[in-house]
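S.K.: My questions all concern the structure below.
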Amino acid sequence: MLALSAEGILPKIDYAIFADTGWEPKAVYSHLDRLEREIAKPARIPILRVTSGNIRNDALDPDRRFASMPLYILNKDGKEGMTRRQCTGEYKIKPIKKKVRELLGYPHPARIPRDVFVEQWVGISTDEFHRAKDADVRYMRNRHPLIDMGWSRSDCIRYLSSLGLADTPKSSCLGCPFHGNQQWRNIRDTSPEEWLDVVAFDAAIRQGNARANASGNRLLGQAYLHRSRVPLDEAPIDHVTAAEWAARQQNLDNRASVVEELETGVVDGCSPWACRGAEPESAQGDFGLAS
């Protein structure tokens, strides 16, 4: 959407917002810098980087409140479960809403008049039209330009490829429990330093987040990043799942850029409006904003 706006295919947006969890892959930060340098600045579109903190550091800091990640739990009786997912709301939606209020001139707790709002662009393509929903606050009105244009995911990839941006990575926490085996393999095989980081984090959260442990509220079971509920460096990430095979088959006739993206394991990402592994949380947010 940023590139479409910068090229004049879509109307000029006033701002683009990136909600930074503080624990994105290095490739995401590098790509964001490139977008700002090559796309946004020449078009005079400011990219605003907002954050609520570093999700990794917060989870391991006993003095910090932590909005829980959806960790996989193995209870003492052998039953499986998951911790509540609060991270999208805290580290994506909350800082975007705070910035939008500031841009409108009504920072919290000021009341925003009914006729004051932003038009917020949500980057959902036709493949996921069911996720196109209204915002839950009056001062943000959602629009879905890609759906309006009839663009699918493949259309987006072809367009990015034409701009030399075929290697666009998906934004998500480095250690997101909703990673599939492809994504874990991609981290292990292409970025050893980041792999060691997520393996260490996986071990560190075995009894839950540090603040809960410090207050005596340890998990009754054990927490893991991988759905197999074994330590990440022992998890069966080389197993090709049925969903992965289906995705490969579905894209056999598509262009090489689509196949390449599947093979690098970045098909799924995290966004303010919908987390890859669950239904959207109540609030909405996104990258492109126009008055």
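S.K.: Would you mind getting the accessible area per residue of the chain, heavy atoms of the protein chains only, 1.4 Å probe, in Å²?
M.R.: Numbers: 14610 Å² over 291 residues.
Solvent-accessible surface per residue comes out at 50 Å².
S.K.: May I ask what percent, to the nearest 5, of DSSP beta bridges between residues of the chain are antiparallel? Kindly include the intermediate steps, with their values, before the conclusion.
M.R.: Working: 12 of 21 bridges.
Of those bridges, close to 55 percent are antiparallel.
S.K.: Based solely on its DSSP helices, what 222 nm [θ] is calculated for the chain when runs of n ≥ 4 H residues each add -39,500 (n - 2.57) and the sum is averaged over all residues, nearest 500 deg cm²/dmol?
M.R.: Numbers: 11 runs with 92 residues, N = 291.
Roughly -8500 deg cm²/dmol at 222 nm, from the helical runs in the chain.
S.K.: Using a Förster distance of 30 angstrom, determine the FRET efficiency expected from the C-beta separation of E38 and L196, and round it to 0.05. Provide the component values of the computation, followed by the final result.
M.R.: On the way: r = 31 Å, r/R0 = 1.05.
Given R0 = 30 Å and the Cβ-Cβ separation, E is 0.45.
S.K.: Work out the length of the dipole vector of the chain about its Cα centre, built from +1 on the beta-carbon of each Lys and Arg and -1 on the beta-carbon of each Asp and Glu, and round it to the nearest 20 debye.
M.R.: Details: 40 positive and 40 negative charges, 227 e Å.
Dipole magnitude for the chain comes out near 1080 debye.
S.K.: Now, a different point. Could you identify which residue out of R211, R49, R37 has the top mean-square fluctuation in a GNM of the chain using Cα springs shorter than 10 Å?
M.R.: Most flexible of the set in this elastic network: R37.
S.K.: Now, a different point. Could you work out how much longer the chain between N75 and R158 gets when fully extended? Use 0.36 nm per residue separation minus the Cα distance between them, nm to one decimal.
M.R.: On the way: separation 83, 0.36 × 83 = 29.88 nm, distance 4.55 nm.
Extending this stretch completely gives an extra 25.3 nm.
S.K.: Just K79, K92, K41 to compare: in a GNM of the chain, with alpha carbon springs under 10 Å, which one fluctuates most?
M.R.: K79
S.K.: Would you grab the residues whose amide H sits under 5 Å from the one on R49? Only those 5+ places off in sequence or on another chain, please, with H modelled 1.01 Å from N.
M.R.: F18
S.K.: Quick one: how many Å² of T83 are accessible to a 1.4 Å probe, rounded to 10?
M.R.: Around 40 Å² of this residue is reachable by solvent.
S.K.: Where is the GNM fluctuation largest for the chain (alpha-carbon springs, 10 angstrom cutoff): R56, R85, R34?
M.R.: The residue with the greatest mean-square fluctuation here is R34.
S.K.: Mark the label point 7 Å from the Cα of E119 along Cα→Cβ and return the residues of the range 135-176 whose backbone N is within less than 12 Å of it.
M.R.: Backbone N within reach: 141-145.
S.K.: Could you state how much accessible area L174 has, in square angstrom rounded to the nearest 10, with a 1.4 Å probe and all protein chains kept in place?
M.R.: That residue has around 10 Å² of solvent-accessible surface.
The values are calculated or read from the model by the stated rules, or taken from the named source; none is laboratory data. These numbers were taken from a predicted model, which means no experiment stands behind them. Note that each Cβ is placed from the backbone with ideal geometry, even for glycine, and that neighbours are counted across all protein chains shown. Note: accessible area is taken over every heavy atom of the protein model, side chains too, but ligands, DNA and RNA are not part of it. Shrake-Rupley method; radii C 1.70, N 1.55, O 1.52, S 1.80 Å.
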